[in-house]
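Worksheet: the structure to be examined is printed underneath.
The values are calculated or read from the model by the stated rules, or taken from the named source; none is laboratory data. Predicted, not measured: the structure shown is a model, and the values here were computed from it. Cβ: placed from backbone, ideal geometry, glycine included. Neighbour counts: every protein chain shown. These area figures cover heavy atoms from the full protein model, side chains too; ligands, DNA and RNA do not enter into them. Shrake-Rupley method; radii C 1.70, N 1.55, O 1.52, S 1.80 Å.
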Amino acid sequence: MTNPLIQIRRDIQEMDLLKGHTKTDFYREYTQFLIRKMGTISIIDGEGKAMTDIPTFYANPERAIAKIHQDRNLVLPVISVGISDIDDDADRRRTNMNIIVETAWDKALQRAQRVVSVAPKAVKLSFMINIWSKYLEDMNQIVENIQLLFNPSLDFRTEFSDYIQGFITQVADNSTVVVGDRQDRILRRS
């Protein structure tokens, strides 16, 4: 007699083969949540007015600086968010025999249905948040606001989970303060 969990897992694998790959927006969901959170940051300018529309977009650092130089109408400060690393999380890894039983609301049938699936792969996502500014005062305010968002952690709320926590692991100053006569000074923190 076969173990029922083994049989359920085999059935799930067979259905996956017949149905094909299901597209998920896992990484996009977390990235979009972080971009929306960074978009809520505001600073006070030199005249005492709140600046609430700091442009925030997805880009690695090279693409972000190219966008700043390409778009002459882009006013600093700006914030860019990008995925810097995806690591396997050995501490949360589950055996291949684990199955997850959840309920999901079916809008068409207007009732909850039970969903049985294999355990997802446990990963650690590392994001790089880059802040670009001309003035040190703006930079410091943005860094302070970001640190307050992550005090002590930022709770990610997506369709996949409500209890994923994000932490700041490192703050790096990547500024080049001395520039040529015809170049603008751009400060950068990551």
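Taking the Cβ-Cβ separation of V101 and I44 as r and a Förster radius of 45 Å, what is the calculated FRET efficiency to the nearest 0.05?
Working: r = 50 Å, r/R0 = 1.12.
Result of the calculation: an efficiency of 0.35.
Full extension from Q165 to F150: what is 0.36 nm times the residue separation minus their Cα-Cα distance, to one decimal in nm?
Numbers: separation 15, 0.36 × 15 = 5.40 nm, distance 0.91 nm.
Going from the current span to full extension adds 4.5 nm.
Please give the FRET efficiency for Q7 paired with R157, using the beta carbon to beta carbon distance and R0 = 35 Å, rounded to the nearest 0.05.
On the way: r = 36 Å, r/R0 = 1.02.
Efficiency computed from Cβ-Cβ geometry: 0.45.
Among 78-91, 157-170, 98-111, 121-134, how do they line up by average Cβ neighbours within 10 Å per residue, starting with the highest?
Values: 78-91: 14.7, 157-170: 11.1, 98-111: 9.2, 121-134: 17.6.
So the peptides 78-91, 157-170, 98-111, 121-134, ranked by packing, come out 121-134, 78-91, 157-170, 98-111.
Roughly how many Å² is the accessible area per residue of the stretch 82-151, as a whole number, for a 1.4 Å probe? Working shown, then result.
Working: 4840 Å² over 70 residues.
Result: 69 Å² per residue.
If you wrap a convex hull around the alpha carbons of the stretch 86-137, what volume per residue comes out, as a whole number of Å³? All intermediate terms of the calculation are to be shown ahead of the outcome.
Details: hull volume 9.5 nm³, N = 52.
Residue-normalised Cα hull volume stands at 182 Å³.
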